Every structure is written in C-alpha cells, then in structure tokens.
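Asker: The structure under discussion is supplied below as structure tokens; questions concerning it will follow.
The values are calculated or read from the model by the stated rules, or taken from the named source; none is laboratory data. Source: prediction; values computed, not measured. In this analysis, Cβ positions are derived from the backbone assuming ideal geometry, glycine residues included, and neighbour counts consider all displayed protein chains.
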DNA sequence: CCAAAAGTGTTAGGAGTACACCCATGG
DNA sequence: CCATGGGTGTACTCCTAACACTTTTGG
C-alpha cells in the first residue's frame, strides 16, 4: 500500500466586525508562490504540534493577534490547490472582538490588514473558497450558538450587539424583536453603566452571562432570527 | 521554516439503519498496529488523489460498499493518535440505504460487519472519538436537512421513515405530528403502491421528492423534531 | 427646543406538542 | 371476528413578525 507523504498547512479565517461591517484579516505574501498576493494567515504545521496549536501560532506570528475564539472549519486537499505539490490545508475559523485587534505584521508576512469579508482582494491559492466557506459557517453558527458575543467587547450596548448580527446576516433586524429575544434568552446582564453613542440618549451597557449557556444549548436553537 | 511531512489518511464513519437501530460499518484490522481490533474503514491517501476520492476508494476496497452519501466530518491531527508517527486523518461521514448493504470483505480488512452505533466493540486508534463525532453530526443534520432519506430505499412507507428518525434521535416520535410535518414540508410523493408490513393494514409507499429541496433549505430548518 | 439615539407593547398568524380512536387487511 | 399495523383531527401554547411612538440627553 502506498504511503505518500504530504505537506500539511493550517489556514485561519478570522473575522471581526468593525464599522458595522464584517471584516476578515489577510496577510500579504512575502514569498513565492503568489508573492505579494493577499492570503489567509497560516503556514506549515510543525512536528509534534497539534493542528489547533499550529493555527494559533501562525495567526500570532503573522498578525500579532491572539486569544481568539477558534474552531476547525474544513480540510481542503485538492491535489492541484498548491503549485508546489501536494499540500493539504486544515482551515480554521476564528473570531475576535472589535476592541482587541492589535495587529502587528510578523516575519512571514509583509503586511496584515482587515478587509471587508464581502469584498476581499484577489487571494492566493484557493483562499477565496475557504473564506466563503467561513462566512457561511459564521452565518449558520450565529443562529444556534452564542458566537456573536465573541465579536464584541466584554461590555456592550444592545445596539452594538444588534449591529453585529446585522453585519453578519447582511440584513436589518427589528429592534424590538431583537431585544425581546435577548431578554427571553436570559444571557445578558445589564450593568450600572451608560455610554453615549453619538449625540443621542445614552445606552445601557450589558455583559454576556454564560450562566444559562448549557441549558440553552440543550434546548436547541438559540438565535432563530 | 520547517516543513515536516505527515502521513495523511482518510477514515469513513458510515451509518445505516437496520432493524430499527442505527448501525455503523467497521472492519477488523489485519495488520499492526491494533491488529485484530475493529476500526473505521479507511487508509492512506494516494498521490494526486482528492481526499473525497480516497474516502470512497477505501470504503469500497475494504467493505465493497459504494454509491453512498458522503461528506467531510472532521480532521484529527493529534501527534500521538497513531503509534507509527505523525498521521493526520481526514474523517468522512457517510450514509447508505438499508437495502443496499452489499458487504464484501476486501484485501486490507480481514472482515467487515455492521455494529450498533451506540455499542461498538473496542476500536483502534481514536476511532471511538471519530465515531461519536459522526453520531452527533448525524443527529444534528437530521434536524435541518434531508439526510434521513439517504438511509431508506427509494420507495418507503411513512412508518419506515419515522423509524429511521427514531433510531437516530433515540426517542419515540408522535405518529400524527410526524406525518403532519412531512405533509407540510411537501417533499414526499405518494405512490399507487401499498405494502404490508407484518400482518396489519397495508401501508402506502412514498418516494422522496427533491423538487422543493432548495426552497426548504433557504427557509432554514427542515426537521425541527 | 431640536436633533439623535435609546427604549418600549400589542396583535395576528404559524408551528409545535399532546392526545385517542377508527380503518383495512389476512388469517 | 380478531389481531395487527395504518391512518386521521383538534385544542392549547409558544414563538415570530409586523408595526410607531415616547424618553433621554447635549447642544
């Protein structure tokens, strides 16, 4: 039985929401192939390194971003996806709060910046396909998990939360229905703090309360918007 | 930058429903490591072979089973999961109708047989974990897709369909509510044929009608039992 | 007092769940 | 006529979706 070895990489699709838009973090490649093209942060796994560890390491090395929500996305293994030969990539899906985007271009990448997830530049390899798969996953997960909170600071207003949902789903949500749903889910704790967004009435800050998370998960769907 | 090569395998968790129970297809290993242990069908990918192709090929080689519903499940890459060294496995999830289980032990496996998915024998490697992940995926997909139909012959009775759902979900469903839901979804076409199951009144045969599938997928949840 | 954003309630329709009896058939 | 499995309807509850005005604040 043949046992061909393969090169294995990890690639990370990391999202944030900034200025009411879903954004994805890309790095500009400093070496061939696809030199100067934008790409998902990622790279080769090391020996004796768990896959998830490699994803977090590459993300931090190339962008300076750490402490993110991370989960495996999909494994792409088409024999022609990398001109260098057989390279299989295990892609990961990550989220980071809008207030924790401390970018720093690293050694491997000439540059790192956020791009609109819906309008990225031309991407290296099959990274466009991976990105689209990530957007789809995010939309789906939004409906039955609490991932939306991963994209916000620890303290946030209900309007900010709604904007995150609207940015990801790509459509407007009714303010009253949105708030009633959150009230019903009982996962927000109101704080004794108010902030002024622009020039109007100040909004009350809330924090996410994981207290009820297990119960809600059992019940099934969390956010059926 | 280090570029360690890795061995890449595919493993297939394939389910059927037989005798009102969810069953999984396992093969008995003929070689070390874990010789004589039961394992998921699978093996090393070939050069220039797409991952999905490898999964289908290994499944047929080891069990004789072909023409199945197949989708990628998860990639397991813990450095210690295989005593031979760094082996990453891309696992696949498959379904086959109860009337198409033409098993044939192949070259790699000493034997292949169906086991109850909830009570498998001791498994090689981390295959127990992979199996449990597959069961979870099946339960989840049942609720928002039409995978249930993959487990039935082309023509089936409503009672047979309900038994499939009950076997996977592990609980009884209300007959009237189940039928109303199927009626509402409008994905079944009744045929002018009746079969007798046991000794009672004959049941009408139906077939799955993919006609409405796209519409339903847009609508979101398909089978919220 | 005005502009801007926060906050708040009601109603109607659709889906889910619980529940029990009659029907058709062969032996 | 009886045993066996197939097939049917109703009432209640809960969630969803549509919809507009008042409140608070700073300038």
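Asker: Can residue B:55 be described as more than 10 Å from chain A (Cβ to nearest Cβ) and crowded, with 20+ Cβ neighbours inside 10 Å?
Answerer: Yes: the conditions hold for residue B:55.
Asker: Shifting gears a bit: Filter segment B:159-177 for residues that are surrounded by 16 or more Cβ atoms within 10 Å (Cβ to Cβ), within 13 Å of DNA strand C (Cβ to nearest atom) and under 21 Å from residue B:193 (Cα atoms) and give the result.
Answerer: Result: B:162, single match.
Asker: If you don't mind, there's one more thing I want to ask. If a residue has to be more than 10 Å from every other protein chain (Cβ to nearest Cβ) and touching a helix residue (DSSP H, G or I) at 6+ places or on another chain (Cβ under 7 Å) to count, how many in segment A:74-92 make the cut?
Answerer: 1
Asker: Checking the structure you have, find out if any residue of segment A:118-139 is without any contact (Cβ under 8 Å) to a residue 60 or more places away in the chain and within 16 Å of DNA strand D (Cβ to nearest atom).
Answerer: Scanning segment A:118-139, I find at least one residue that is without any contact (Cβ under 8 Å) to a residue 60 or more places away in the chain and within 16 Å of DNA strand D (Cβ to nearest atom), so the answer is yes.
Asker: Spot the failing condition for residue A:111; the list is (1) part of a strand (DSSP E or B); (2) touching a helix residue (DSSP H, G or I) at 6+ places or on another chain (Cβ under 9 Å), and only one is missed.
Answerer: Of the numbered conditions (1) part of a strand (DSSP E or B); (2) touching a helix residue (DSSP H, G or I) at 6+ places or on another chain (Cβ under 9 Å), the odd one out for residue A:111 is (2).
Asker: Now a separate question. For residue A:52, are the conditions met, namely being assigned to a helix (DSSP H, G or I) and over 17 Å from residue B:88 (Cα atoms)?
Answerer: So residue A:52 does not fit the description; no.
Asker: Let me spell it out: the conditions are (1) in contact (Cβ under 8 Å) with a residue 24 or more places away in the chain; (2) assigned to a strand (DSSP E or B), and residue A:65 meets all of them except one. Which number is the exception?
Answerer: (2)
Asker: Still on this model: Would you call residue B:156 within 14 Å of another protein chain (Cβ to nearest Cβ) and in contact with a strand residue (DSSP E or B) (Cβ under 9 Å, 6 or more places away or on another chain)?
Answerer: Taking the combined requirement at face value, the residue does not satisfy it.
Asker: Within segment A:10-37, work out how many residues are under 25 Å from residue A:80 (Cβ atoms) and either under 16 Å from the mean Cα position of the chain (by Cα) or crowded, with 22+ Cβ neighbours inside 10 Å (or both).
Answerer: Selection size over segment A:10-37: 7.
Asker: On to the next question. Do you know which of the residues in segment A:167-205 that are over 30 Å from residue A:115 (Cβ atoms), in contact (Cβ under 8 Å) with a residue 24 or more places away in the chain and within 10 Å of DNA strand D (Cβ to nearest atom) is farthest from the other protein chains (Cβ to nearest Cβ)?
Answerer: The qualifying residue farthest from the other protein chains (Cβ to nearest Cβ) is A:185.
Asker: Right, here's the next one. Go through segment B:1-36 and report how many residues are without any contact (Cβ under 8 Å) to a residue 60 or more places away in the chain and under 25 Å from residue B:137 (Cα atoms).
Answerer: Number of matching residues: 1.
Asker: Specify the residue that is nearest to residue A:128 (Cα to Cα); the eligible residues are those in segment A:1-44 that are part of a loop (DSSP other than H, G, I, E, B) and within 7 Å of chain B (Cβ to nearest Cβ).
Answerer: Selected residue: A:4.
Asker: Something else now. Among the candidates B:147, B:164, which residue alone is within 16 Å of DNA strand D (Cβ to nearest atom), touching a strand residue (DSSP E or B) at 6+ places or on another chain (Cβ under 7 Å) and away from chain A (no Cβ under 14 Å)?
Answerer: Exactly one residue qualifies, and that residue is B:164.
Asker: Checking residue B:105 against (1) modelled with pLDDT under 95; (2) out of contact with any helix residue (DSSP H, G or I) (no Cβ under 9 Å at 6 or more places or on another chain): exactly one of these is not met. Which one?
Answerer: Condition not satisfied by residue B:105: (2).
Asker: I'd like to check something: does segment B:111-126 contain any residue that is surrounded by 22 or more Cβ atoms within 10 Å (Cβ to Cβ), within 14 Å of chain A (Cβ to nearest Cβ) and under 20 Å from residue B:6 (Cα atoms)?
Answerer: no
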